[in-house]
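Here's the structure we're looking at; comments come further down.
The values are calculated or read from the model by the stated rules, or taken from the named source; none is laboratory data. Please read all numbers here as calculations on a predicted model, not as lab measurements. Don't worry about glycine lacking a Cβ; one is built from the backbone with ideal geometry, like all the others, and counts go over all protein chains shown. Only protein heavy atoms, including side chains, enter the accessible area calculation; ligands, DNA and RNA are left aside. Shrake-Rupley method; radii C 1.70, N 1.55, O 1.52, S 1.80 Å.
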There are 2 protein chains.
Amino acid sequence: MNQSRDEFYLKKCFELAVKGKGLVSPNPMVGSVVVKGNRVVGYGWHRAFGLAHAEVEALKMAGTKAKNATLYVNLEPCCHYGKTPPCTDAIIQAGIKKVVFSTIDPNPAVNGKSIEILKQNGIEVRYGLCEKESHQLNESYFTFVKKKRPFISLKWAMSIDGKIADACGRSRWITSDDARQFARQLRFEYDAIIVGSNTIVYDNPYLDFCAPCGIRKSLVERKKFYKIILDTNLKVVPESNVFLNKASNVIIFTAHDTSINTKYHENVEIIPVDKDQEGLLDLSQILNCLYEKGIAKLFVEGGTKILTSFYHHKIFDLIYVFIGCKIIGGSADYPPLKGNIISPDTQSDIILKDVIRFSNDVLLIIKKCSQE
Amino acid sequence: MNQSRDEFYLKKCFELAVKGKGLVSPNPMVGSVVVKGNRVVGYGWHRAFGLAHAEVEALKMAGTKAKNATLYVNLEPCCHYGKTPPCTDAIIQAGIKKVVFSTIDPNPAVNGKSIEILKQNGIEVRYGLCEKESHQLNESYFTFVKKKRPFISLKWAMSIDGKIADACGRSRWITSDDARQFARQLRFEYDAIIVGSNTIVYDNPYLDFCAPCGIRKSLVERKKFYKIILDTNLKVVPESNVFLNKASNVIIFTAHDTSINTKYHENVEIIPVDKDQEGLLDLSQILNCLYEKGIAKLFVEGGTKILTSFYHHKIFDLIYVFIGCKIIGGSADYPPLKGNIISPDTQSDIILKDVIRFSNDVLLIIKKCSQE
C-alpha cells in the first residue's frame with residue numbers, strides 16, 4: 001500500500017524531471033513533489049543549469065504547508081554548495097518529516113551523505129524505489145559521473161543500401177524534412193555535437209539544434225551548446241556555416257604539430273591534442289577535455305572515420321540510425337563504419353531499443369548492452 | 001445505400017480471396033459471395049491452382065438458393081476453358097440475377113468479354129467498385145498479365161551499417177530467428193526464389209519456403225515452387241543443400257558457352273541464355289523464360305550482383321530490407337547494391353510502404369512508385 005503510494009509520487013517526479021531535458025546538463029534531471037496527507041502541496045523541477053533545484057522549487061510552492069509533509073524526489077538531494085545552496089538545508093528548514101527518493105547521487109560530494117544529514121535531523125528517509133526507471137531517466141548523468149566521460153550517442157543517416165554519402169561525399173539529403181527536424185531536436189538533448197572536418201568541408205552544415213515546441217525562449221537561451229570539430233590539419237575555413245551562430249561555442253581539436261595560422265571567430269577555441277598510433281587525434285584526450293568542460297552528453301554525427309573510431313574503441317552508449325528511403329549505390333566508399341569489426345554470427349553487444357517511423361524514413365534507436 | 005451494400009460484400013470477397021495467397025499463382029486470388037435478400041447463401045474462394053474457381057465454390061454452397069440471387073466476386077468471372085470450365089456458364093446455369101465485381105480481368109481471353117456474355121443472358125452486371133483495393137490485392141497478377149513478366153520483389157538482410165555479408169562473404173546470420181522465420185513465410189507467397197551461385201557456394205542455403213500456420217497440408221503440397229540459380233560457369237555442386245528438397249524444382253540459368261559436365265538431380269533443369277554487354281546472364285531472356293513457365297511472382301534474394309542487376313534495369317516492384325541489429329564493419333565489399341546509381345538529392349522513385357519490427361530486427365517494405 002505504502003509502496004505503491006510512494007511509487008506513484010516518485011513517478012510524478014520522473015514526469016516533472018523530464019521537463020528539464022536538454023537544459024540542466026551536466027546536472028541530472030530532477031523533479032520533486034511535496035505531499036501532505038493525500039494532497040500535493042508543492043511540486044517543481046530543475047528548469048535549467050544554474051537555476052534552483054527541484055526540491056527548492058517544490059518547497060517554495062508548498063510554503064508553510066511543507067511542515068510535517070513528505071518530500072518526493074527522484075535523486076538523492078544534494079548536501080553541498082554548487083551553483084545553489086544544499087537542498088538538505090532547505091528540506092530541514094521547511095520542517096519536512098519524511099524524504100522518499102529513488103537513487104543515490106553518485107557524485108562524490110553527495111553519494112549517500114545526505115541520508116545521514118537528514119536522519120540526524122530527525123527526518124525519516126526511504127530510498128531505492130523505482131531505481132531502474134530512475135537510472136534510465138538520468139543515464140547520461142550516471143555515465144558522466146561514474147565513467148568520467150560524456151554519455152555518447154553515435155548518429156548516422158543512411159540510404160536503404162547502407163550509404164551515408166554518394167561517391168562524391170555528398171550526404172544532403174538522405175532523409176526527408178520530418179526526420180531531419182527530429183534529428184535537430186535530438187541535438188537539443190545534448191551538450192555538444194562532434195563531427196570531422198570532412199563533414200564541414202563537404203556538407204557545410206550549421207549543426208544548430210532546434211528546441212522542441214513549448215520551451216520558454218529565456219530557458220533555451222541559457223543552454224550552453226558546443227560544436228566540436230576534429231580537424232587534424234586545420235582545413236576548416238572561418239567562413240564555414242558552423243561558425244555563423246554566435247550563441248554556440250566551437251571547439252576545434254587539432255594535432256600538436258599543426259601550425260595555427262588561420263584567424264577564427266572569438267567563440268572558437270582551438271585545442272591541440274596528440275595523435276594516436278593510427279595517426280588520428282587521440283580520442284581519450286579529447287573525451288577527457290570534454291569531461292573537464294562539463295560536457296555530459298555528446299552527439300557524434302560522423303562521418304565514417306569518426307564514427308568508426310568511437311565504435312572501434314567501444315566508447316559509445318547509444319546509436320541513432322536514420323534510414324532514408326533512397327538508394328545510392330556506389331562502390332561503397334561511404335558506409336557508416338569501416339574496418340573489419342565482427343562477423344555476423346558473433347554475439348552482438350547492441351540491442352534494438354526503439355523504432356520510430358517518419359513519412360518516408362525510419363529511425364532505429366540502438367543501445368549498447370555490454371560494459372566497457 | 002446500394003453502393004455501400006455492394007462495397008460491403010466486395011470487401012468480404014477480398015477477405016476470402018486472400019486465403020488463396022501463395023497457392024493459386026499464376027491465377028489471381030479470388031473470393032466470391034452469393035447474397036439473396038440480406039442473407040449470404042454461399043461463399044467460396046479459389047483455394048489452389050487447378051482447383052475450382054471462387055464463383056463455382058460459392059454457387060455450389062448456395063445450391064438452389066442461387067436462383068435470382070446476386071453474386072459478388074472481386075475479379076471479372078472467366079468465360080474461357082482453362083483448368084476448369086468457364087465461370088460464366090456456372091453463373092448462368094445457377095439462375096443468378098445480378099453480378100457485381102470489382103476489376104476487369106486483363107487476361108486477353110477474358111478482358112471484359114464476360115460482361116457481354118452475362119448481359120446477353122439477362123443478368124445485370126455492375127463493376128468498377130473498390131478498384132484500388134482490388135488492384136492491390138492482385139498486384140502481382142496484374143503485373144504478370146500486363147507486363148508479361150513476374151512481379152518482382154528484391155530482398156536483402158543487412159546490418160545497421162549496411163552490409164549483407166562480412167569480409168569473407170558470410171551472411172549467416174545477420175537477422176534473428178523471428179525475422180528469418182518471417183522471411184521463409186514470405187517465400188511462400190512467391191512462385192520462385194532467385195539467387196546467384198555465390199550465395200549457394202558461400203552460404204549453402206536450403207531456400208525452402210515455410211507455409212504459414214493453418215494452411216491444409218494437402219494444399220501446401222500442391223504448391224509449385226521453383227528455386228532459380230544464376231550460375232554463369234556452373235560452379236554450383238550437386239551436393240548443395242538447395243537440391244535436397246525434391247518437392248521443389250530447380251532451374252539453373254547458365255551461359256550458352258558453358259559446357260555442362262556436371263550431373264545434377266532429376267528435378268534440376270539447366271537453361272542456357274546469352275550474356276549481356278556486361279558479361280552477365282541476360283536478364284530479359286531469363287524473365288521471359290520464367291513468364292513462359294507461369295512464374296508470376298519472383299523473390300530475388302541476392303547477393304549484391306543480382307540485386308544490383310535488377311535495380312539497375314529498374315525491373316522490380318517491391319523491396320524487402322531486413323535490418324539486423326548488428327554491426328559488421330568491413331571495407332564494404334558486401335553492400336546490398338553496387339554501382340554509382342543516384343545521388344541523395346535526386347528525386348527517389350521508391351517509397352516506404354510498411355515497417356515491421358521484430359525482437360531485434362526491423363523489416364522495411366518499400367514500393368516502387370514510378371512506371372517502367
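Observations
- Of the helices (runs of 4 or more DSSP H) lying entirely inside the range A:171-231, the ones with 2 or more residues being β-branched (Val, Ile, Thr) and within 30 Å of B:Ser348 (Cα to Cα) are found at A:197-203.
- Complete set of residues in the range B:1-46 that are of a type in the set (Ser, Thr, Tyr) and touching a Leu at 6+ places or on another chain (Cβ under 9 Å): B:Ser32, B:Tyr43
- Restricting attention to the range A:177-190 and to residues that are within 14 Å of another protein chain (Cβ to nearest Cβ) and closer than 12 Å to A:Leu363 by Cα, the residue that is most open to solvent (accessible area, probe 1.4 Å) turns out to be A:Asp178.
Listed here are the residues, each with its yes/no results for (1) of a type in the set (Phe, Trp, Tyr); (2) surrounded by 15 or more Cβ atoms within 10 Å (Cβ to Cβ); (3) in contact with a helix residue (DSSP H, G or I) (Cβ under 9 Å, 6 or more places away or on another chain).
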site	(1), (2), (3)
B:Ala192	no, yes, yes
B:Leu207	no, yes, yes
B:Arg216	no, no, no
B:Val220	no, yes, yes
B:Tyr226	yes, yes, yes
B:Leu230	no, yes, yes
B:Asn241	no, no, yes
B:Ala255	no, yes, no
B:Thr262	no, no, no
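- Residue check for A:Lys119: charged (D, E, K, R) and open to solvent by 20 Å² or more (accessible area, probe 1.4 Å): yes
- Checking each residue in the range A:130-170 for being within 9 Å of another protein chain (Cβ to nearest Cβ), assigned to a loop (DSSP other than H, G, I, E, B) and either open to solvent by 60 Å² or more (accessible area, probe 1.4 Å) or among the hydroxyl-bearing types (Ser, Thr, Tyr) (or both) picks out A:Cys168, A:Arg170.
- Every condition in (1) crowded, with 24+ Cβ neighbours inside 10 Å; (2) modelled with pLDDT under 95; (3) within 14 Å of another protein chain (Cβ to nearest Cβ) holds for A:Thr199 except the one numbered (3).
- Of all residues in the range B:290-308, those satisfying the criterion of being buried (at least 21 other Cβ atoms within 10 Å of the Cβ) and either outside the structural domain of B:Val250 (by the TED database) or not in a loop (DSSP other than H, G, I, E, B) (or both) are B:Leu290, B:Lys297, B:Leu298, B:Phe299, B:Val300, B:Glu301, B:Gly302, B:Thr304, B:Ile306, B:Leu307, B:Thr308.
- Residues that are part of a loop (DSSP other than H, G, I, E, B) and in contact with a helix residue (DSSP H, G or I) (Cβ under 7 Å, 6 or more places away or on another chain) were ranked within the range B:265-275; the one that is modelled with the lowest pLDDT is B:His265.
- Cβ-Cβ under 6 Å pairs, at least 6 apart or on other chains, the range B:3-14 side at negative phi, far side among the aromatic types (Phe, Trp, Tyr): B:Tyr9/B:Tyr72; B:Leu10/B:Tyr72; B:Cys13/B:Tyr72
- Among the residues of the range A:38-76, those identified as part of a strand (DSSP E or B), under 30 Å from the mean Cα position of the chain (by Cα) and over 18 Å from A:Lys21 (Cα atoms) are A:Gly42, A:Leu71, A:Tyr72.
- Screening A:Val100 with (1) in contact with a Ser or Thr (Cβ under 9 Å, 6 or more places away or on another chain); (2) within 14 Å of another protein chain (Cβ to nearest Cβ); (3) of a type in the set (Val, Ile, Thr) gives one miss only, at (2).
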